[in-house]
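What follows is one structure encoded as C-alpha cells, with my remarks underneath.
The values are calculated or read from the model by the stated rules, or taken from the named source; none is laboratory data. Keep in mind that what you see is a predicted model, and the values were worked out from it rather than measured. Don't worry about glycine lacking a Cβ; one is built from the backbone with ideal geometry, like all the others, and counts go over all protein chains shown.
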Amino acid sequence: MEYRNPIFTASGAIDCEINHPVYGWIPFTADPNDVEPIGAEVFNAAKAAAAPYVAPPEPPAPTDDELRTIAEAKRQAAYQAEADPLFFQWQAGESTEAEWLAKREEIRARFPYPA
C-alpha cells in the first residue's frame, strides 16, 4: 500500500494518507493492533519514516481582564439561580434580608475577581 506524510499520534498509531485504489489519497490512521490487516501493514511500513508526535502548545494563561469577565459571568448566573429567589422570598416575607445578603457574599467569595 502506498502511503505518505506519516506522523505518530499521541496514542502511538500513525496518521498518514494512503493511495486508495478507488478514492485516491485519503486520510488513514495505521495501528499495529488494527483488526484489519491493512492497518498493521501500513503501520509497519511507515513506522521508520514517521515523524515523531509533537504535542500541541499549551494555550496562554487568561489575562486578568478575561478572568474578571469569567468571574462576573459566573456571579451573574449564581445570583439569578441562588440569590434572586431569596430576594423575592424576602420581599414576600418568607425570608430575611440577612439571608439574601449572606447568599450574595457567599457567591462573591466563591467567584472572586483576580487580585
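Would it be correct to say that Tyr113 is assigned to a loop (DSSP other than H, G, I, E, B), touching a residue at least 40 places away in the same chain (Cβ under 8 Å) and surrounded by 14 or more Cβ atoms within 10 Å (Cβ to Cβ)?
Here the answer is no, as Tyr113 does not meet what is asked.
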### Query
Do you know which residues across region 1-40 are in contact with a helix residue (DSSP H, G or I) (Cβ under 7 Å, 6 or more places away or on another chain), part of a loop (DSSP other than H, G, I, E, B) and of a type outside the set (A, V, I, L, M, F, W, C)?
Asp31, Pro32, Asp34
## Note on the structure
Leu67 fails exactly one of (1) touching a residue at least 24 places away in the same chain (Cβ under 8 Å); (2) over 27 Å from the mean Cα position of the chain (by Cα); (3) surrounded by 14 or more Cβ atoms within 10 Å (Cβ to Cβ), namely (2)
### Query
Residue check: is Trp90 surrounded by 15 or more Cβ atoms within 10 Å (Cβ to Cβ) and either farther than 30 Å from Pro114 by Cα or in contact with a strand residue (DSSP E or B) (Cβ under 6 Å, 6 or more places away or on another chain) (or both)?
yes
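State all residues of region 84-99 that are of a type in the set (A, V, I, L, M) and either in contact with a Phe, Trp or Tyr (Cβ under 6 Å, 6 or more places away or on another chain) or in the same structural domain as Glu17 (by TED's automatic domain parsing) (or both); if no residue qualifies, say none.
Hit for region 84-99 is Leu86, nothing else.
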#### Entry: Selected residue [exposed (fewer than 10 other Cβ atoms within 10 Å of the Cβ) and closer than 30 Å to Ile107 by Cα] from Ala48, Ala61, Ala73
Ala61
